[in-house]
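What follows draws every value from the coordinates through simple rules; no lab data is involved. Source: prediction; values computed, not measured. A quick note on method: Cβ atoms are made from the backbone with ideal geometry, for glycine too, and the neighbour counts reach across all protein chains shown.
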Amino acid sequence: MKKTSKQNASNRISKQNARNRKDVWYKLDLSAIVYPTLQRRDFSSVYRLSVVLKEQIDPDLLQLALDRTLPRFPTYKVAIRKGVFWRYLEPNARPGPYVRRDIKNPCMPMHFKGNNRYLIRVYYYGSRIALEAHHCLGDGTGGMCLLQTLTAVYLELTGHPVRPEGFVLDISSEPDPEELEDAYMRYANAQVCPPRPAGKTYRVRGTKEPFYTLNIIDGVMSVREVMAVAGKYGATVTEYLNAVLLYSLLQKQASDRPARPRPVRIAMPVNLRRFFPSKTLRNFITMVYPFVDPRLGDYTFEEIVEQVHNYMRYYINAKFLRGDITTNASTQRNPLIRVVPLFIKDFVVRTFYTRVQDKNSSAGLTNMGALHVPEDMKPYIERFDIYMGQPFSSRTNCAVISYEDILTVNFASSIVEADVERCFFRRLVQDGIHVTIESNRE
């Protein structure tokens with residue numbers, strides 16, 4: 001895209017800001033350490049957030065909005081570097097990033113030396129603005145803060161000013177130091193390190209798609225309808241949707257007719273900000289693993305919902321989560337591990353993740369919950385979407401987000417078969433939920 005004089009001026013300002021902070025660099029947070037280690041030619045830990053407006057996007061104004069917004073987020077205006085013992089993030093004064101017309105297959109690998117070393121991408125199409133970010137920068141909460149602030153600045157440029165509130169930050173203000181912290185280390189102070197779930201789980205087998213292909217299937221439905229159905233089962237929306245996904249995976253495993261069935265387990269991120277006060281825009285999540293073991297017997301759907309409900313009540317509380325944070329932090333605090341060269345750390349982490357961690361779950365599901373925007377923005381917003389991105393192995397990931405009365409369930413998969421997704425949406429329809437399906441498939 002040809003740069004305007006306004007873009008050149010914004011680039012000069014960005015370079016000056018970076019020079020002013022040239023002595024600043026950021027350690028990767030506790031979660032972010034893992035994501036670069038898993039980087040492959042055909043895989044990056046990239047997630048995607050998007051907002052659909054009620055007006056067509058002007059790409060020139062969107063570029064100007066991005067140039068004005070990004071300096072307010074110093075941990076996103078960075079490049080990743082490799083040291084002897086650890087990787088780190090340093091300010092990036094290179095031109096860009098530049099907004100681009102959206103592509104058919106989102107969340108493609110994000111190579112560290114490409115895109116002028118930026119680890120975010122911004123796309124537009126029709127009335128949609130999409131942000132893709134490498135997970136080493138932050139989690140969905142930090143990304144949503146950047147996306148909503150970018151959207152607010154864009155709306156202001158189109159003549160619709162938005163007052164900063166919630167996820168919309170004031171771009172003229174200095175970042176709060178707490179926004180830049182590794183919040184894990186502040187709360188990793190339990191006196192015991194609980195063990196992690198272990199054991200192989202059921203893995204969906206399918207035909208791997210060609211490189212640079214990501215299959216997207218979206219289900220759009222009413223928040224009120226989903227809440228009413230979940231309430232009938234005595235569950236929250238998150239518990240109900242987890243149960244539906246477990247049910248679908250059990251159905252898929254049964255159709256495979258395995259000689260020995262295995263447990264079905266979901267990897268579900270939990271936003272730790274709900275339990276431990278923090279303004280951090282970096283990663284601050286941990287994983288829980290609701291599961292069903294068919295070796296114990298056949299489960300009705302009602303029993304699956306009850307199992308998930310009890311699991312969530314038992315594990316998702318400040319005490320257990322603090323212990324989990326402490327378990328994660330224990331390795332980083334170990335003085336012997338700290339002095340191990342990075343290439344050895346990479347080999348050990350990659351081997352452990354491939355042989356153990358990735359086999360602990362059958363699918364992933366994240367629910368970002370109900371989004372709120374400033375009152376000034378509401379007249380211009382249609383809906384939001386979220387995608388967990390490309391799975392590390394051949395399986396499907398599911399992401400949920402809601403705004404007003406629109407709830408979207410977004411599946412992302414790197415295999416041809418869509419048996420799990422089909423069963424998932426059929427179960428919702430059986431429960432009386434009206435679902436509109438969208439996809440990037442032919």
Classify segment 148-298: rounded, prolate or oblate, from the alpha-carbon gyration tensor (a ≥ b ≥ c, eigenvalue square roots; a/c under 1.5 rounded; otherwise prolate if a/b is larger than b/c)? prolate
Segment 161-219 - charge dipole about Cα centre, Lys and Arg +1 at Cβ, Asp and Glu -1, debye rounded to 20: 900
Take the alpha carbon atoms of the chain, find their radius of gyration, then divide it by 2.2 N^0.38 Å using N residues; give the quotient. 0.97
If one computes the Cα centroid of segment 120-182 and of segment 290-335, what distance in Å separates the two points? 32
For the chain, what relative contact order do you get, as a whole percent, if you take Cα pairs closer than 8 Å and at least 6 residues apart? 23
Ranked by GNM mean-square fluctuation in the chain (Cα springs under 10 Å), the top entry among Lys359, Lys104, Lys252 is Lys104
Length released on extending from Val429 to Arg40, taking residue separation times 0.36 nm less the Cα-Cα span: 136.2 nm
Roughly speaking, what is the stretch gain from Asp176 to Trp86, that is 0.36 nm per residue apart minus the C-alpha to C-alpha distance, in nm to one decimal? 29.9 nm
Within the set Lys319/Lys378; Lys252/Lys319; Lys77/Lys319; Lys104/Lys208; Lys27/Lys345, which residue pairs have Cα atoms separated by over 25 Å? Lys319/Lys378; Lys252/Lys319; Lys77/Lys319
Using unit Cβ charges (K, R positive; D, E negative) and no other charged atoms, how large, in debye to the nearest 20, is the dipole of the chain about its Cα centre? 2000
Would you work out the relative contact order for segment 298-442, in percent, from Cα pairs under 8 angstrom that are 6 or more residues apart? 14
Please identify every one of the chymotrypsin sites (Phe, Trp or Tyr not before Pro) in segment 285-394 that sits in a loop by DSSP and has no more than 12 other beta carbons within 10 Å of its own beta carbon. none
Here the residues of segment 87-127 lying in the modelled label zone of Glu438, meaning backbone nitrogen under 20 Å from a point 7 Å along Cα-to-Cβ, are 100-108, 121-127
How many nm separate the modelled label positions at Lys319 and Asn334, each set 7 Å beyond the Cα in the direction of the Cβ? 2.8
Please check which bits of segment 23-67 a label hung off Arg350 would reach, taking the label as a point 7 Å along Cα-to-C-beta and the cut-off as backbone N under 16 Å. 33-45
Considering the options Leu246, Tyr289, His309, tell which one lies farthest towards the positive end of the dipole of segment 232-324, charges being +1 on Lys and Arg and -1 on Asp and Glu at the Cβ, about the Cα centre. Tyr289
Which whole-number percentage describes the relative contact order of segment 194-267, with Cα contacts under 8 Å and a sequence gap of 6 or more? 48
With springs connecting C-alpha atoms under 10 Å apart, model the chain as a Gaussian network and identify which of Ile415, Ile337, Ile57 has the largest mean-square fluctuation. Ile337
Using amide H atoms built in the peptide plane, which far-off residues or other-chain residues are under 5 Å from Ala79 H to H? Glu90, Asn92
When the chain is treated as a Gaussian network with springs between alpha carbons less than 10 Å apart, the largest mean-square fluctuation among Ser255, Ser127, Ser393 is found at Ser255
What is the Cα centroid distance between segment 213-281 and segment 373-438, reported in whole angstrom? 11
Residue list for segment 190-219, given a label point 7 angstrom along the Cα-to-Cβ vector of Phe301 and an amide N cut-off under 19 Å: 219
By its C-alpha gyration tensor, with a ≥ b ≥ c as the square roots of the eigenvalues, how is segment 63-120 shaped: rounded for a/c under 1.5, else prolate for a/b larger than b/c, else oblate? oblate
Estimated 222 nm signal from helices in the chain, with DSSP H stretches of n ≥ 4 weighted -39500 (n - 2.57), rounded to 500: -10000 deg cm²/dmol
Along the dipole axis of segment 53-118 (charges at Cβ: +1 for Lys and Arg, -1 for Asp and Glu; origin at the Cα centre), the most positive-end residue among Trp86, Gly96, Pro109 is Trp86
Please list the non-local residues whose amide H lies under 5 Å from the amide H of Val288, H modeled 1.01 Å from N, same-chain partners needing a gap of 5 or more. Met268, Val270
Residue by residue, what Karplus-based ³J(HN,Hα) values in Hz, rounded to whole numbers, does segment 81-86 have, using 6.51, -1.76 and 1.60 with θ = phi - 60° and x for Gly and Pro? 10, 10, x, 6, 10, 9
Going by the alpha-carbon gyration tensor, a ≥ b ≥ c the square roots of its eigenvalues, is segment 327-428 rounded (a/c under 1.5) or, if a/c is not under 1.5, prolate (a/b greater than b/c) versus oblate? oblate
Please list, or write none, the aspartates and glutamates whose alpha carbon is within less than 13 Å of the alpha carbon of Lys200, excluding same-chain residues fewer than 8 places away. Asp293, Asp358
